[in-house]
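If you scroll down you'll find the structure; I have some questions about it.
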């Protein structure tokens with residue numbers, strides 16, 4: 001289904017250097033699409049293109065409005081009018097709202113809201129007929145999580161702006177994909193251990209830690225299959241997609257935290273006291 005639907009399509013993935021964005025780009029290339037991979041880190045993009053066995057790398061920073069316009073224009077120059085654009089870039093500090101500085105708020109909003117909207121702004125006039133613009137949101141936008149209040153607020157704003165785009169441009173299809181806990185990604189690499197410990201305890205008490213995570217490849221596969229099928233049926237809109245692990249929540253913290261925290265392993269394999277794999281949505285790979 002994915003291959004048949006995406007073969008020959010022009011696809012742009014923003015945030016393609018890591019995580020779900022990278023998996024989407026690799027999957028789209030495998031499906032026969034003409035893919036442009038965009039992100040900040042040129043060396044990571046080159047590695048992603050090598051992994052995919054094809055595609056075009058265009059380096060740019062989603063926080064720079066000029067880069068947003070340039071990346072989309074270059075993508076169209078490489079593969080033609082775009083059938084599908086996936087915005088998978090994201091930024092997420094793990095910080096209680098009372099500890100968030102103005103600079104941290106600005107960084108989160110610059111990537112998750114302003115950058116996303118500038119990409120959409122540049123994309124709309126360059127879409128092929130029946131094209132789709134999809135953004136990755138998070139379940140944190142709907143169910144608040146300790147330490148991710150700013151991130152959740154930015155994703156709620158992103159979803160609201162996409163509804164606004166849909167209202168102003170009814171001839172274009174816009175989709176928001178709400179993504180749950182996914183591993184492995186680089187999402188939590190910068191989280192401070194003491195704040196993470198407090199967050200795990202809070203999440204566990206509120207039933208917000210699941211015993212199994214989705215994989216970036218699994219999430220990307222479902223997204224590409226869904227959006228590819230929609231491309232084949234331009235009369236059908238795909239507004240909201242929710243992807244969440246079907247596993248049950250783990251027990252209350254601190255036992256839950258010890259069960260989930262692990263170095264590069266799934267929750268069921270994890271040992272306490274090592275690096276956390278928890279992620280609630282997209283990847284800070286712009």
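Of all residues being at pLDDT 90 or above and in a loop (DSSP other than H, G, I, E, B) in the stretch 159-201, which is surrounded by the fewest Cβ atoms within 10 Å (Cβ to Cβ)? Just the residue, please.
171
What number of residues within the stretch 137-152 satisfy the criterion of being in contact (Cβ under 8 Å) with a residue 40 or more places away in the chain and assigned to a helix (DSSP H, G or I)?
5
Sticking with this structure for a sec: Filter the stretch 207-234 for residues that are on the phi < 0 side of the Ramachandran plot and part of a loop (DSSP other than H, G, I, E, B) and give the result.
Hits for the stretch 207-234 are 208, 209, 211, 212, 213, 215, 232, 233, 234.
Looking at this structure, is residue 50 more than 17 Å from the chain's Cα centre (by Cα), free of Cβ contacts under 8 Å to residues at least 12 places away in the same chain and closer than 21 Å to residue 221 by Cβ?
Yes; evaluated as a whole, the condition is true for this residue.
Taking the residues in the stretch 91-136 that are part of a loop (DSSP other than H, G, I, E, B) and touching a helix residue (DSSP H, G or I) at 6+ places or on another chain (Cβ under 6 Å) as candidates, determine which candidate is farthest from residue 234 (Cα to Cα).
100
Moving on to the next point. What do you reckon, is residue 204 surrounded by fewer than 18 Cβ atoms within 10 Å (Cβ to Cβ) and in a helix (DSSP H, G or I)?
no
The values are calculated or read from the model by the stated rules, or taken from the named source; none is laboratory data. Note that the structure is a prediction, hence the values are computed from the model and not measured. Quick reminder, even Gly has a Cβ in these numbers, built from the backbone with ideal geometry, and neighbours come from all protein chains shown.
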